[in-house]
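A quick write-up on the structure given underneath.
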Amino acid sequence: MKTCVAIIGAGPSGLLLGQLLHNQGISNVIVEAKSPEYVLGRIRAGVLEQGMTDLLREAGAGARMDREGYIHEGFSISFAGRLERIDLKGLSGGKTVMVYGQTEVTRDLMDARAAAGALSIYEAGDVAVHDFYTDHPRVSFVKDGEKVELECDYIAGCDGFHGVTRQSVPAGAIQNFERVYPFGWLGVLSRTPPVDHELIYANHERGFALCSMRSATLSRYYIQCALDEDIANWPDERFWEELKARLPADAAARLITGPSIEKSIAPLRSFVAEPMKFGRMFLVGDAAHIVPPTGAKGLNLAASDVYTLYHALRRTYHDGRADLLEKYSEICLRRIWKAERFSWWMTGVLHKFSDDPFSQKMQEAELDYYTGSLAGRSTIAENYVGLPFEDLD
């Protein structure tokens, strides 16, 4: 088999890159180790930056999002018994975010790829990348008991934190930066109306909480918990009681509870691998970086990688501008570290790290300072809606 770009991983970043390239006449094959059902079963982010929504529309996969997604013009931060709203639209020059689940993004991209007749190979075993430091990289895998060799010009590693692409890089050629946080998020999905029409992030002496949503009838709630917490110790009743305790009284009184339809505990970490380019192989999204979900940056940061790689490949194939691919890592990392900083700041100012009351007071003072200043609110808003993509044209 031969193609221009071999894409490892059929998550949203791989599918988005593949669709954008296909629309530009650049052939690509997606190779995925799991089944389509498994990929769609991952419950992940639900807040999309405007840059991400624009890319989905450009890929021809944004119609259902525009019909069913929810545009949010702000969100609130709760601390010290107060509720402070950040006016995203007013403070960022008119930008907003879209609430639309990652599962739905993935489904829309799968449907668009199927309609375009582009090739995705699921349940590929023993996926390996070869010769990416040469002009003739290859991907090998086993499908239906037969070994397949895929020859390509470039490899895009969209296969996540545990994927094969980053693990295939020689140890001396890559540097990892990491911060593992001493707590996790206990998340509940419930078929109940959201407590508010916008998200609420809560700093509380008992720990962090987040009120989010997937739709007008589907809510997603989180509370900070210990990393070694046993989810069996958290029946629905206990979860709702603890969530109410961490919310402002007015929000707690409005909260409609119900049976959970999904419950899980997610660890939090910040991670960046440098560089992101190795010969003709490029790391994209979670393969290169992880952010704690506090700032809603994970999927959106992957989209900015896709934007950069897509435009660099487009200019390479259409205009002979291969120099842009050489700058891929440099361009991506500038935005990545700024998004890592914002997610690290949000995590640090909203979570309980110790029982020290001085630390709690410092967090409250920090939040009071930022929300009490036009410059502070604007800083939060411009980071939350997403910093601009670099123009490669």
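The values are calculated or read from the model by the stated rules, or taken from the named source; none is laboratory data. This is a predicted model, so every value here is computed, not measured. Note that each Cβ is placed from the backbone with ideal geometry, even for glycine, and that neighbours are counted across all protein chains shown.
Can you tell me which residue among 241, 198 is of a type outside the set (S, T, N, Q), free of Cβ contacts under 8 Å to residues at least 12 places away in the same chain and closer than 30 Å to residue 98 by Cα?
241
Just to be sure I understand the filter: pairs with C-beta atoms under 6 Å, separated by 6 or more residues or on different chains, first member in region 245-258 and among the hydrophobic types (A, V, I, L, M, F, W, C), second member surrounded by 18 or more Cβ atoms within 10 Å (Cβ to Cβ). Which pairs pass?
From region 245-258, the pairs are 247/202; 251/195; 255/195; 256/192.
What are the residues in region 144-177 that are small (Gly, Ala, Ser) and either assigned to a loop (DSSP other than H, G, I, E, B) or surrounded by 22 or more Cβ atoms within 10 Å (Cβ to Cβ) (or both), if any?
145, 156, 157, 160, 163, 168
Tell me, which residue of region 336-352 that is of a type in the set (D, E, K, R) and either within 15 Å of residue 382 (Cα to Cα) or free of Cβ contacts under 8 Å to residues at least 40 places away in the same chain (or both) is surrounded by the most Cβ atoms within 10 Å (Cβ to Cβ)?
If we take residues in region 336-352 being of a type in the set (D, E, K, R) and either within 15 Å of residue 382 (Cα to Cα) or free of Cβ contacts under 8 Å to residues at least 40 places away in the same chain (or both), then 340 is surrounded by the most Cβ atoms within 10 Å (Cβ to Cβ).
Of all the residues that make up region 216-240, how many are small (Gly, Ala, Ser), more than 13 Å from residue 190 (Cβ to Cβ) and surrounded by 12 or more Cβ atoms within 10 Å (Cβ to Cβ)?
1
Of the numbered conditions (1) surrounded by fewer than 20 Cβ atoms within 10 Å (Cβ to Cβ); (2) modelled with pLDDT of 95 or more; (3) among the aliphatic types (A, V, I, L, M); (4) out of contact with any helix residue (DSSP H, G or I) (no Cβ under 7 Å at 6 or more places or on another chain), residue 255 fails exactly one; give the number of that condition.
Only one criterion is unmet by residue 255, namely (4).
Considering only residues that are over 17 Å from residue 69 (Cβ atoms) and buried (at least 18 other Cβ atoms within 10 Å of the Cβ), which ones fall in region 89-109?
Answer for region 89-109, where residues must be over 17 Å from residue 69 (Cβ atoms) and buried (at least 18 other Cβ atoms within 10 Å of the Cβ): 91, 92.
Regarding region 121-142, can at least one residue be identified that is among the polar types (S, T, N, Q), under 30 Å from residue 57 (Cβ atoms), touching a residue at least 24 places away in the same chain (Cβ under 8 Å) and not in a helix (DSSP H, G or I)?
no
Could you list all residues from region 347-379 that are in a loop (DSSP other than H, G, I, E, B) and more than 27 Å from the chain's Cα centre (by Cα)?
If the condition is that a residue be in a loop (DSSP other than H, G, I, E, B) and more than 27 Å from the chain's Cα centre (by Cα), then 354, 355, 356, 372, 373 are the ones that fit.
Would you point out the residue of region 353-373, among those that are closer than 19 Å to residue 76 by Cβ and touching a residue at least 40 places away in the same chain (Cβ under 8 Å), that is surrounded by the most Cβ atoms within 10 Å (Cβ to Cβ)?
Among those that are closer than 19 Å to residue 76 by Cβ and touching a residue at least 40 places away in the same chain (Cβ under 8 Å), it is 367.
For every residue, the table says whether it meets (1) buried (at least 16 other Cβ atoms within 10 Å of the Cβ); (2) of a type in the set (A, V, I, L, M); (3) out of contact with any helix residue (DSSP H, G or I) (no Cβ under 9 Å at 6 or more places or on another chain).
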site	(1), (2), (3)
21	yes, yes, no
28	yes, no, no
37	no, no, yes
48	yes, yes, no
59	yes, yes, no
65	yes, yes, no
69	yes, no, no
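In region 11-64, what count of residues is obtained for those that are of a type in the set (Asp, Glu) and farther than 25 Å from residue 213 by Cα?
2
Condition first: without any contact (Cβ under 8 Å) to a residue 60 or more places away in the chain, closer than 30 Å to residue 79 by Cα and in contact with a helix residue (DSSP H, G or I) (Cβ under 8 Å, 6 or more places away or on another chain). Can you find one or more residues in region 270-285 that meet it?
The answer is no, given that none of the residues of region 270-285 is without any contact (Cβ under 8 Å) to a residue 60 or more places away in the chain, closer than 30 Å to residue 79 by Cα and in contact with a helix residue (DSSP H, G or I) (Cβ under 8 Å, 6 or more places away or on another chain).
With the structure loaded, tell me whether residue 382 is modelled with pLDDT of 95 or more, of a type in the set (D, E, K, R), in a helix (DSSP H, G or I) and over 30 Å from residue 303 (Cβ atoms) or whether it fails that test.
no
Does region 169-193 hold any residues that are more than 30 Å from residue 217 (Cβ to Cβ) and either free of Cβ contacts under 8 Å to residues at least 60 places away in the same chain or in contact with a Pro (Cβ under 6 Å, 6 or more places away or on another chain) (or both), and which are they?
Selection gives 170, 171, 172.
Please work out which one of (1) of a type in the set (A, V, I, L, M, F, W, C); (2) in contact with a Leu (Cβ under 9 Å, 6 or more places away or on another chain); (3) surrounded by 22 or more Cβ atoms within 10 Å (Cβ to Cβ); (4) in contact (Cβ under 8 Å) with a residue 60 or more places away in the chain is the condition residue 86 fails and give its number.
Unmet condition: (2).
Please go through region 311-327 and pick out each residue that is assigned to a helix (DSSP H, G or I) and more than 21 Å from residue 25 (Cα to Cα).
326
What strands (runs of 3 or more DSSP E), lying completely within region 1-49, carry at least 1 residues that are in contact with a strand residue (DSSP E or B) (Cβ under 8 Å, 6 or more places away or on another chain) and either among the aromatic types (Phe, Trp, Tyr) or under 16 Å from residue 312 (Cβ atoms) (or both)?
Once the strands (runs of 3 or more DSSP E) in region 1-49 are filtered for at least 1 residues that are in contact with a strand residue (DSSP E or B) (Cβ under 8 Å, 6 or more places away or on another chain) and either among the aromatic types (Phe, Trp, Tyr) or under 16 Å from residue 312 (Cβ atoms) (or both), what remains is 5-8, 28-31.
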